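These notes concern the structure reproduced below.
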Amino acid sequence: MTNKMWMVRAGEGAFLIDRFKNENRIVIGWEIGDLSAVHDASEIKKLVKEKFPERKAGQISIAASQISKFRFEFQKGDNVVSYDPQNRVYLVGEINSDYFYDDKFYPENLLEYCDTRNVKWFGEVNRDILSTSTKNTLGAIQAIFEINSDAANEILNALTGNKTPEETPESEDDELIILKDEIASKSHEFIKDKILELDWEEMQELVAGVLRGMGYKTIVSAKGPDRGRDILASPDGLGLSEPRIVVEVKHRKGQMGSPEIRSFTGGMRPGDKGLYVSSGGYSKEAKYEAERSNNPVTLVDADMLVNLIIQYYDKFDTEARSLVPLTKIYWPT
């Protein structure tokens, strides 16, 4: 069986990289004690949950998975890589011990970074000589992950001086574009997950926030019968100046059909513009009903709502941002 190659990051900002190199070891630290007598991943998950009860279930699962890899999946003979961002080099070596717990790794005897494996370091590989695809692989955010075979082979070849054939600038650009598109697609879905988790009142407030980000003033209907509208948007906030936008928000599973759209358009006055938001989407008949309406009606589904959020997020007020907190990521052109 081919030995695996693992990435193990040297703590936040790689502050442990010199200790990794000088003391021929890799360590992780979660302050959950000696794992030598722990038999499986479920026990580790239980320990993490007991130590960090405030963390969400997903965070606990991710942490437990990382620790379990180090404890159970790492094997003697596996290769290991750790990154030194200051010098832009990858430290490459081979794991040559089983798991052990060393609480004297720090002079202060702090109960962290004690989960240990010894390593025989082979040398360093400069990041700049690696292909874009391998750089992308090594850029994953996890502290511990398995490196795919193509990237692993390239790293080992670079270590012995066998340089991977250079990519043309066009191929590097293409890979960056593909990676950017992949991240953008995942980001879109994550944002959609967030808005689908909102309750109906929060969804109504979010739609109103989008409209305010677009420059309108809004009136959100109070709880109870809304007479066919959940939000009224207009330039003056009173509905006295045009455009006067009447908004209906449906936050439920399942598509809206033509009867719902017909009911909505039937309550509109001459001059009104309609905005119908349905997180569950629309049937073909509903779309046809909107197209044949005497009043202009725009149908917004969850994907279109995500696009509007991304487009106008910089202009959101504090209330709208609090419903879907996002962080801007800058990407090289």
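For region 200-323, a/c is not less than 1.5, where a ≥ b ≥ c are the root eigenvalues of the C-alpha gyration tensor, and a/b does not top b/c. That puts it in the oblate class. Distance between the pseudo-spin-label points of Ser293 and Arg321 (7 Å out from Cα toward the beta carbon): 3.2 nm.
For the chain, modelled as a Gaussian network with Cα springs under 10 Å, which listed residue fluctuates most, Asp199, Asp78, Asp301? Highest fluctuation of the listed residues: Asp199. Treating the angle as unsigned and between 0 and 90°, give the value, to the nearest 10°, between the Cα long axis of helix 200-213 and the longest Cα principal axis of the chain. The angle comes out near 80 degrees.
What shape does the chain take by its C-alpha gyration tensor, where a ≥ b ≥ c are the square roots of the eigenvalues and a/c under 1.5 counts as rounded, a/b above b/c as prolate, and the rest as oblate? Prolate, because a/c is 1.5 or more and a/b exceeds b/c. Taking every DSSP beta bridge that has both ends in region 200-323, the antiparallel portion is near 35%. Panel order for Leu91, Leu323, Leu240, by other beta carbons found within 10 Å of each beta carbon, from fewest to most: Leu240, Leu323, Leu91.
Readers should treat all values here as calculations from the given coordinates under stated rules, not as data from a laboratory. Predicted, not measured: the structure shown is a model, and the values here were computed from it. Neighbour counts run over all protein chains shown; Cβ positions are idealised from the backbone, glycine included.
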